[in-house]
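The structure under discussion appears below in the form of structure tokens.
The values are calculated or read from the model by the stated rules, or taken from the named source; none is laboratory data. If you're wondering where the values come from, they're calculated on a predicted model, not measured in any experiment. Cβ placement follows ideal geometry from the backbone for every residue including glycine, while neighbour counts extend to all protein chains displayed. Ligands, DNA and RNA are stripped out before the accessible areas are found, and what is left, the full protein with its side chains, is counted by its heavy atoms. Shrake-Rupley method; radii C 1.70, N 1.55, O 1.52, S 1.80 Å.
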Amino acid sequence: MKLASYKHGRDGRLMAVSGDLTKATSAEKIAPTLQYALEHWPDCHLQLEQLCKDLETGKAAPQPFDPKQCASPLPRAYQWADGSAYVNHVELVRKARGAEMPPSFWTDPLMYQGGSDSFLGPMDDIVFAQDDWGIDFEGEVAVITDDVPMGTTAEDAGSHIKLVMLVNDVTLRYIAQPELAKGFGFLQSKPSSAFSPVAVSPQTLGAAWKDNKLHLPLLSYWNGEKFGEPDAGVDMVFDFAQLIAHAAKTRPLCAGTIIGSGTVSNVDRSKGHSCIVEKRMLEKVEHGEFKTPFMKFGETVKIEMLDANGKSIFGAIDQKVSQYQYVSLAERRAARRSGHGG
């Protein structure tokens, strides 16, 4: 089962998508939005699965699937909690700045709560007022849950994973360092994230989904050139069930909660990287200085995952960094007056 949300209002319009990502059909008669489907999963998921089958066999009226119409599968969510399950990535980043890594990082997951009120579509521009903030992409995997009771154990948490997708968790590195030094976590340094055009059920992933991990390379391209292809199933210290249990230790998680893996990273550096800062940190360790710059206006990033036959599973996150121009309230009022003849 593959689901997408075409842009419509704040929460999108739910679409069923064919396995090869060429066809789509409206799922509105079953669930108007993906959030609705997740909140009514016992009633909706079998119907959605059948609609996807009907799309494959021609029983459902198809239309060409258009990723440009896609919002993120959940255009906004009640909760977006991002882990850091690839601990070697954390170790490298800390090593480069001369910081010791506490041993507990290997046994107790790191996780932060990100902004979830406004996600970017998979082909939306990444817009900022200036490009000297250390703009970095981060390729990740994420899962979407149904309702998860407080205190759910890792043994039970896997059953709450309903959909899987990819993430570009954009980070502003030059804002992050002083922000974290305040001791209160990310805010300005973590702008809106983008998710893949399509969210996929774990069952559809077949053998690639095992032990609550996705065992395939995550491809990242920077300005059209391959930047990395680390395997998402390798060196993931905490699987998604463990991350969900960590998030639910002291609170329930509502249906539509998104849990991220953190930057996909392998100890084998020949596989490249899923973010710029990791390459910079290796340069710092090996050469004593950073050589690779962060992203600038006009540059592009593409994040994708292919199946064993080389076909895209989730569709591509394909974005360009563009300049944002704030329009003041007075300017907006003036434009409205002008549009109505003064």
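Straight-distance candidates among the lysines for linking to K210, with alpha-carbon spacing under 18 Å and chain neighbours fewer than 8 residues away dropped: K162.
If R0 equals 41 Å, the separation of the Cβ atoms of Q63 and H215 corresponds to a calculated FRET efficiency of about 0.80. Here the relative contact order of the chain, from alpha carbon pairs under 8 Å that lie six or more residues apart, stands at 22 percent. Quick one: net charge around T300, please, counting Lys, Arg +1 and Asp, Glu -1 for every other residue with C-beta under 12 Å from its C-beta. Charge balance in the 12 Å sphere: -1. A simple count of charges around E289, restricted to other residues whose Cβ falls under 12 Å of its Cβ and scoring Lys, Arg +1 and Asp, Glu -1, yields +1. Between S338 and K182, the C-beta separation translates, for a Förster distance of 51 Å, into a calculated FRET efficiency of about 0.75.
Please report the spacing between the Cα centers of the range 60-95 and the range 277-342 in Å, no decimals. After rounding, the separation between the Cα centres reads 15 Å.
Probe radius 1.4 Å, ligands and nucleic acids ignored: give me the carbon and sulfur share of the accessible area of the chain as a rounded percent. Within the chain, the accessible surface is 51 percent carbon and sulfur.
Each residue, V327 and R269, gets one label point 7 Å from its Cα in the Cβ direction; the gap between the two is 4.7 nm. Here the simple spin-label model places points 7 Å from the Cα toward Cβ, and for L306 and S159 these points are separated by 3.8 nm. In this view, the solvent-accessible surface of E225, computed with a 1.4 Å probe and all protein chains in place, comes to about 130 Å².
Per residue, the accessible area of the chain comes to 47 Å², computed with a 1.4 Å probe over protein heavy atoms only. Assuming a viscosity of 1.306 mPa s and a temperature of 10 °C, what translational diffusion coefficient in µm² per second does Stokes-Einstein assign to the chain, Rh being the Kirkwood radius over Cα pairs? For the chosen part, D equals 77 µm²/s. Once the Cβ-Cβ distance of L46 and E289 is raised to the sixth power relative to R0 = 45 Å, the FRET efficiency obtained is 0.20. Helix-only arithmetic for the chain: the sum of -39500 (n - 2.57) across DSSP H runs with n ≥ 4, divided by the residue total, places the mean residue ellipticity at 222 nm at -6500 deg cm²/dmol.
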